[in-house]
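Asker: What follows is a structure written as structure tokens; I'll ask about it next.
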Amino acid sequence: MPIYATQAPQQVDYILQDAGLRVLFISNQAQYDRLYEVLRQQTQLKTLISFEPIQSRSAVFLDDFLISGEQAYQREPARYRWLHTQPTPSSLASLVY
């Protein structure tokens, strides 16, 4: 779901909690710093992926995330082929707040 870079931290907090997000992509260090307190309080958020390297023990750089996905695919190709078949035309693709 899109969360706009200009949204107030309180709005981001509401969206993250209401939607139950478990994975969040974040653009850069400035965005991370601006949302640090909100992100720190999220209990359901399991993975934070950054498009640029950032200083955070909890964030994974996008390039590293993609490499780990390729390695997981190499270990379990049948699982990923099965996952690829799961979305249907009626599957939810995005929420817009």
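A short reminder: the numbers here are calculations on the coordinates, not readings from a lab. Since this is a predicted model, take the numbers as computed values, not measurements. Please note: Cβ atoms are built from the backbone with ideal geometry, for glycine as well, and neighbour counts cover all protein chains shown.
Asker: Name the residue from Leu24, Tyr80, Thr6 whose Cα lies farthest towards the positive end of the charge dipole of the chain, charges +1 on Cβ of Lys and Arg and -1 on Cβ of Asp and Glu.
Answerer: Toward the positive end, the furthest listed residue is Tyr80.
Asker: As I understand it, the value is the acute angle between the Cα axis of helix 29-40 and the longest principal axis of the Cα atoms of the chain; what does it come to in degrees, rounded to 10?
Answerer: It works out to around 90 degrees.
Asker: Hey, another quick one. Assuming R0 = 30 Å, what is the FRET efficiency of Thr43 and Val96, from their Cβ-Cβ distance, to the nearest 0.05?
Answerer: With R0 = 30 Å, the Cβ-Cβ based efficiency is 0.80.
Asker: Can you list the residues, at least 5 places off or on another chain, whose amide H is less than 5 Å from the amide H of Ile49, using H built in the peptide plane?
Answerer: Those lying under 5 Å, H to H, from Ile49 are Leu24, Phe25, Ile26, Val60.
Asker: Also, I was wondering about something else. Short version: ³J(HN,Hα) in whole Hz for each residue of the range 14-22, in order, from phi by Karplus 6.51 cos²θ - 1.76 cosθ + 1.60 (θ = phi - 60°), x for Gly and Pro, what are they?
Answerer: For the range 14-22, the Karplus curve yields 4, 4, 4, 6, 5, 7, x, 4, 10 Hz.
Asker: Starting from the Cα of Tyr80, step 7 Å toward the Cβ, then list every residue of the range 39-68 with an amide N under 17 Å from that point.
Answerer: 62-68
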